[in-house]
Amino acid sequence: MKNIFIILYLIIGLTSLQAQTVTNQKEENVDLPESMLSDMDSLFWDWQTKNHLFVDENCITTPTNPNISDSVYIDRLSRIPSIIEMPYNEIVKQYIEAYTNRLRNKVSFILAASNFYMPLFEEALDTYDLPLELKYLPIIESALNPKALSRQRASGLWQFMLRTGKLYGLENNSLVDERRDPIKSTWAAARYLKDLYNIYKDWNLVLAAYNCGPGNVNKAIRRAGGATDYWEIYHFLPKETRGYVPGFIAVNYVMHYYCEHGICPMEAELPATTDTIHIHKDLHLQQVADVCRMDIEQLRSLNPQYKKDVVPGNSKPYVLRLPHNTVNQFIDLQDSIFAYKANIYQKRKTVAVKSPSKASGNSKNATYHKIRRGDTLGGIALKYGVTVKQLRRLNNIKGNVITAGKTLRIR
């Protein structure tokens with residue numbers, strides 16, 4: 001059913017192009033988008049701070065990048081075992097040199113994070129019979145930061161927009177954003193990439209559509225006179241997307257040849273193996289961290305989908321990811337974990353008790369008046385020095401009608 005939805009969406013997008021005229025695009029320079037570089041910086045520092053990256057004393061990244069000739073770049077790219085075409089040109093070269101020069105320390109961090117995430121990516125891609133080189137796509141999208149949030153509000157490792165994420169079954173509410181769940185978002189991304197390939201039958205167009213949306217790729221194809229080669233429609237694509245495929249090629253190059261550029265992987269304190277527990281009651285991550293003596297930042301890194309550190313298990317079962325050696329400890333201590341400081345971490349009210357109104361009940365200091373024939377609210381208010389509004393409020397009266405023989409509370 002989801003495949004039908006996306007095919008209809010793409011058909012509608014392509015049909016709408018018939019009303020548009022073909023326009024000429026001016027030749028542009030191929031400078032790297034500053035947004036990519038600045039985003040990589042900010043994502044790196046956020047991830048480094050929370051995951052305690054450190055340098056292996058036996059492996060140090062060199063301060064400078066060696067000069068590499070075009071012929072060497074071409075030869076190395078040709079040796080990468082890939083289905084997706086990875087041609088070399090000046091644009092690709094600029095991206096390679098950005099990663100191996102300015103971003104070389106960030107590449108060290110990416111190599112550390114990739115040890116944790118790449119097995120997850122490879123499993124999903126292999127299941128859907130997709131090119132395994134797509135596992136490097138999240139490096140461009142999020143710098144492997146599962147909490148990455150773009151200016152367009154795309155979120156997670158694979159940078160799903162909210163609408164696309166929902167189309168592929170990723171839940172989003174005030175407490176949970178499954179676009180940030182490394183496993184669920186990876187499987188959703190694999191399905192999305194599979195659907196895009198069924199439309200375009202060309203992996204470079206799939207990459208472009210993944211970045212800017214099928215509608216923009218369809219526009220570019222139309223404006224290029226129906227050309228379906230990425231490099232022919234290059235100048236008709238949005239500016240950020242023009243660098244997307246070259247960036248993808250460059251990332252594949254760097255992940256294969258980082259050693260030749262003097263780049264050494266950092267080490268990260270993420271566990272090598274993890275396991276999951278299904279949570280059926282509301283749980284705060286701090287409860288787990290305190291009772292199991294875990295680092296809260298590591299726990300958050302393993303469970304980035306929980307926006308407020310709350311697993312809302314009361315609504316439905318949710319998964320909690322833990323280091324493999326902590327799972328048995330959680331099972332043994334789970335009663336203590338759920339009970340730990342529950343008055344602090346589980347403060348949501350299930351029943352609200354309304355405090356007694358000042359207008360109800362008897363008070364020792366209350367004043368009353370027995371209504372006589374001919375009394376009015378205005379006259380009674382004047383007699384006691386109060387307002388009609390006060391009398392109405394204290395006695396639950398909406399209009400001006402009062403009945404002789406009944407009692408009014410004055411104050």
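The values are calculated or read from the model by the stated rules, or taken from the named source; none is laboratory data. Keep in mind it's a predicted model, so treat the numbers as computed, not measured. Neighbour counts run over all protein chains shown; Cβ positions are idealised from the backbone, glycine included.
Restricting region 245-297 to residues that are of a type in the set (Ser, Thr, Tyr) and in contact with a His (Cβ under 9 Å, 6 or more places away or on another chain), the residue that is surrounded by the fewest Cβ atoms within 10 Å (Cβ to Cβ) is Thr273. Residues that are part of a loop (DSSP other than H, G, I, E, B) and modelled with pLDDT of 85 or more within region 369-396 comprise Ile371, Arg372, Arg373, Asp375, Thr376, Val386, Thr387, Asn396, listed in sequence order.
In region 246-255 there is at least one residue that is at pLDDT 95 or above, within 26 Å of the chain's Cα centre (by Cα), more than 18 Å from Gln346 (Cα to Cα) and polar (S, T, N, Q).
The residues in region 198-210 that are touching a residue at least 60 places away in the same chain (Cβ under 8 Å) and crowded, with 19+ Cβ neighbours inside 10 Å can be counted, and the count is 5. Can you find even one residue in region 103-110 that is touching a His at 6+ places or on another chain (Cβ under 9 Å) and either surrounded by 21 or more Cβ atoms within 10 Å (Cβ to Cβ) or not assigned by TED's automatic domain parsing to the domain that holds His284 (or both)? Checked against the condition, which is being touching a His at 6+ places or on another chain (Cβ under 9 Å) and either surrounded by 21 or more Cβ atoms within 10 Å (Cβ to Cβ) or not assigned by TED's automatic domain parsing to the domain that holds His284 (or both), region 103-110 yields at least one hit. Of all residues in region 58-81, those being assigned to a helix (DSSP H, G or I), of a type in the set (A, V, I, L, M) and touching a residue at least 12 places away in the same chain (Cβ under 8 Å) number 2.
The residues of region 120-143 that are under 18 Å from Val251 (Cα atoms) and either β-branched (Val, Ile, Thr) or not assigned by TED's automatic domain parsing to the domain that holds Ser82 (or both), listed by number, are Ile139, Ile140. Only one of the numbered conditions (1) in a loop (DSSP other than H, G, I, E, B); (2) closer than 25 Å to Pro182 by Cβ is not met by Asn252, and that is (1). Taken over region 142-176, the criterion of being buried (at least 24 other Cβ atoms within 10 Å of the Cβ), outside any loop (DSSP other than H, G, I, E, B) and in contact with a Leu (Cβ under 9 Å, 6 or more places away or on another chain) is satisfied by Ser142, Ser155, Phe160.
For (1) closer than 28 Å to Thr100 by Cβ; (2) of a type in the set (A, V, I, L, M); (3) without any contact (Cβ under 8 Å) to a residue 12 or more places away in the chain, each residue gets a yes or a no:
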site	(1), (2), (3)
Pro214	no, no, no
Arg223	no, no, no
Tyr244	yes, no, no
Cys259	yes, no, yes
Pro265	yes, no, no
His280	no, no, no
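Condition test on Thr100, is it of a type in the set (Val, Ile, Thr) and either at pLDDT 95 or above or over 20 Å from Ile263 (Cα atoms) (or both)? So Thr100 does not fit the description; no.
Note on region 257-289: residues that are closer than 16 Å to Pro323 by Cβ and part of a helix (DSSP H, G or I) total 3. You will find that of Asn67, Asn58, the residue that is polar (S, T, N, Q) and either at pLDDT 90 or above or outside the structural domain of Arg180 (by TED's automatic domain parsing) (or both) is Asn67 and no other.
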